[in-house]
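Chemist: Before anything else, here's the structure in question.
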Amino acid sequence: MGTIQIRNVPEATILELKARAERAGRSLSAYLRELLNEEVSTPPIGEVMAGIAASEPIPYDPDFIRETIRDGRL
């Protein structure tokens, strides 16, 4: 495991992060680690949008939509 140090964080930000960590029942380090892990596990919006743009469009077919909803495949 590595170590990250962040400098020049505003005091108000630190206080809010500590409060949120406490409400979540975690230490500040555990809370921040969880936030960072969440951030890197979520693809950037640009990648998501590029993937959507590269996808084949789904033709508008009311019967397909009804069937999909009925089958719970949404």
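Only the coordinates and a few stated rules stand behind these numbers; no lab work does. It should be emphasised that the depicted structure is a prediction, and the values quoted were computed from it without experimental measurement. Using ideal geometry, Cβ is built from the backbone for each residue, glycine included, and neighbour counts are taken over all protein chains shown.
Chemist: Just give me the residues in region 8-23 being closer than 15 Å to residue 36 by Cα and out of contact with any helix residue (DSSP H, G or I) (no Cβ under 6 Å at 6 or more places or on another chain), in sequence order.
Modeler: If the condition is that a residue be closer than 15 Å to residue 36 by Cα and out of contact with any helix residue (DSSP H, G or I) (no Cβ under 6 Å at 6 or more places or on another chain), then 17, 20 are the ones that fit.
Chemist: Further question: Of all residues in region 25-74 being assigned to a helix (DSSP H, G or I) and of a type in the set (Val, Ile, Thr), which is nearest to the chain's Cα centre (by Cα)?
Modeler: Pass one, region 25-74, residues assigned to a helix (DSSP H, G or I): 28-41, 45-54, 62-71.
Narrowing the set further to residues that are of a type in the set (Val, Ile, Thr) leaves 40, 45, 48, 52, 65, 68-69.
Details: 40: 8, 45: 10, 48: 12, 52: 17, 65: 28, 68: 27, 69: 26 Å.
Ranking the qualifying residues of region 25-74, first place goes to 40.
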